[in-house]
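Structure, as C-alpha cells:
The values are calculated or read from the model by the stated rules, or taken from the named source; none is laboratory data. The structure presented is a predicted model; accordingly, all values stated were derived computationally and were not measured. In this analysis, Cβ positions are derived from the backbone assuming ideal geometry, glycine residues included, and neighbour counts consider all displayed protein chains.
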Amino acid sequence: MVLFLTESQIASLLPMTAAIESVESALRDVARGTAQVRPRQRVRIPSAILQVMPAGHPQLGLGFKAYASTSSGTHFYFFLFDPASGQPLALFQANLLGQIRTGAATGVATKYLARPDAGTVGIIGSGFQAYAQLEAIAAVRPITHARCYSRSAERRVQFAASMSDRLGISVTPVASAQSAVQQADIIVTITTASNPVVQGEWIQPGTHVNAAGSNQAAKSEIDPTTVARASIVAVDLLEQARSECGDLLAAEAAGSFSWDRACELGDIISGKTSGRRDAHEVTLFESQGIAIEDVAVGHLVYTRAREQHVGIDLDI
C-alpha cells in the first residue's frame with residue numbers, strides 16, 4: 001500500500017524543530033558520503049516547466065520531489081520508496097513540505113553561522129515561504145525582534161501581525177528593505193526578485209545572511225558587495241549552486257567571488273570545514289533547496305503518519 005497525504009495532514013505531522021533536526025542530520029550524512037543527492041533537473045516546454053529533484057539515504061529511503069509550473073501556478077508532489085525493497089511507500093502533496101524544509105535549512109545554517117547572541121532579524125519578503133523562514137530562525141536563536149519589508153504594504157502588515165502572535169516576539173513592518181536589514185543580526189531574503197534587494201553597505205559586521213528566494217541563474221537577491229563581504233559562503237550543494245545560484249554567479253561575473261571560497265553547509269555541520277570564527281565576520285548561506293532535505297522530512301512525515309494512522313492507503 002502507498003500512503004497518500006494531503007497538505008492539511010502534513011501540517012500536523014511536521015513541527016519545525018523536528019524538521020530542523022532531520023535536515024541537519026541528512027546534510028551531515030551527505031557530507032560523510034553515506035547519502036546521495038543530485039541537482040535539480042528542469043524540462044521546459046512553451047507552456048510549462050517540469051522540475052525533478054532526487055536523493056537517496058540508506059535508512060530514510062529513496063525519494064524525489066517533482067513539480068510542474070505554468071502561468072496558473074505550481075503543483076508539488078513528493079514520492080518515497082523503501083530503501084531495501086524498492087517498493088513505493090508514499091505519495092504526498094508537497095507545497096507545505098517544501099515550505100517547512102526550506103525554512104529548516106535556513107534554521108540549520110543560522111545555527112552554525114549566526115552569532116550565538118543574535119537577537120534581531122531583518123526579513124525581505126512576506127509571502128508563503130517567509131513564515132517558515134522566521135519560525136526556523138527563532139527556533140535556533142534567541143530572537144526578540146524582527147523587521148519585515150515587502151513590496152506589498154498590506155502583506156507585510158499581515159505577516160508582522162501573524163508572526164508576532166505565532167512566535168511571541170515583536171515583528172514590525174517597515175517601509176524599505178534598508179530599514180529592515182540595517183542593524184539586524186540575521187538577514188533573510190525570501191523573494192521573487194530578479195535584482196538585488198539587499199546592498200552590502202547596509203550590513204553591519206557580525207551579520208549572518210540567509211539568501212533563500214532565488215534558484216535561477218538570472219536572478220539575484222543580494223548584490224556582489226554582500227558576497228564579497230562574507231568570510232564564509234555556504235551553499236547546500238555546490239554542483240547545483242554552480243548552475244542556478246544567481247547571487248553567486250552575478251558576484252563571480254563582477255569579480256567579487258570565486259568558487260574556491262564556497263563550501264557546502266554539510267561540511268560545516270560534519271566538522272570538515274569551520275563555521276563562524278569570531279563575532280565580527282559576515283557569513284552567508286545560499287539556499288537553493290536540495291532533494292535530500294525533502295527525503296529527510298518526507299521520511300519523518302511518513303513515519304509519524306504511520307504511527308498516528310493518518311492518511312489514505314492507495315492500492316497501487
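Selection of the stretch 260-316 for residues being over 30 Å from Phe4 (Cβ atoms), surrounded by fewer than 18 Cβ atoms within 10 Å (Cβ to Cβ) and among the polar types (S, T, N, Q) yields Ser270, Thr273, Ser274. Checked against the criterion of being of a type in the set (A, V, I, L, M), closer than 25 Å to Tyr149 by Cβ, assigned to a strand (DSSP E or B) and touching a helix residue (DSSP H, G or I) at 6+ places or on another chain (Cβ under 9 Å), the candidates Val227, Val188 yield just one match: Val188. Look at (1) modelled with pLDDT under 95; (2) surrounded by 15 or more Cβ atoms within 10 Å (Cβ to Cβ) and you find that Val233 fails only one, number (1). From the list Ala253, Ala175, Ala193, the lone residue that is modelled with pLDDT under 95, surrounded by fewer than 24 Cβ atoms within 10 Å (Cβ to Cβ), among the small types (Gly, Ala, Ser) and farther than 27 Å from Gly33 by Cα is Ala193.
Taking the stretch 196-244 as the range and being of a type in the set (S, T, N, Q) and either touching a strand residue (DSSP E or B) at 6+ places or on another chain (Cβ under 8 Å) or in contact (Cβ under 8 Å) with a residue 24 or more places away in the chain (or both) as the test, the residues that pass are Gln199, Thr207, Asn210, Ser214, Asn215, Gln216, Ser220, Thr225, Thr226, Ser231, Gln240, Ser243.
Could you list, in sequence order, all residues of the stretch 9-37 that are assigned to a helix (DSSP H, G or I) and at pLDDT below 95? Show your work before the answer.
Here is the first cut: in the stretch 9-37, the residues assigned to a helix (DSSP H, G or I) are 9-11, 16-32.
Within the stretch 9-37, just Ala11 meets the criteria.
Of Gly33, Gly63, Gly86, all but one fail to be in contact (Cβ under 8 Å) with a residue 60 or more places away in the chain and of a type outside the set (S, T, N, Q); the exception is Gly63.
Conditions (1) of a type in the set (Val, Ile, Thr); (2) more than 18 Å from Arg40 (Cα to Cα); (3) assigned by TED's automatic domain parsing to the domain that holds Ala109, marked per residue:
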{"position": "Ala250", "(1), (2), (3)": "no, yes, yes"}
{"position": "Glu264", "(1), (2), (3)": "no, no, yes"}
{"position": "Gly271", "(1), (2), (3)": "no, yes, yes"}
{"position": "Glu281", "(1), (2), (3)": "no, yes, yes"}
{"position": "Leu284", "(1), (2), (3)": "no, yes, yes"}
{"position": "Ala296", "(1), (2), (3)": "no, no, no"}
{"position": "Val310", "(1), (2), (3)": "yes, yes, no"}
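A residue that is within 27 Å of Arg38 (Cα to Cα), among the hydroxyl-bearing types (Ser, Thr, Tyr) and surrounded by 15 or more Cβ atoms within 10 Å (Cβ to Cβ) occurs nowhere in the stretch 205-212. Among residues of the stretch 162-191 that are within 25 Å of Ala105 (Cβ to Cβ), those with a beta-carbon under 8 Å from a residue that is outside any loop (DSSP other than H, G, I, E, B) and among the acidic types (Asp, Glu) at least six positions away or on a different chain give the pairs Met163/Glu135; Arg166/Glu135; Leu167/Glu135.
Looking only at residues in the stretch 277-312 that are under 19 Å from Ala104 (Cα atoms) and in a loop (DSSP other than H, G, I, E, B), the one that is farthest from the chain's Cα centre (by Cα) is Ile290.
Per this entry, Gly200 is not counted among residues that are surrounded by fewer than 15 Cβ atoms within 10 Å (Cβ to Cβ) and either in the same structural domain as Ser256 (by TED's automatic domain parsing) or not polar (S, T, N, Q) (or both).
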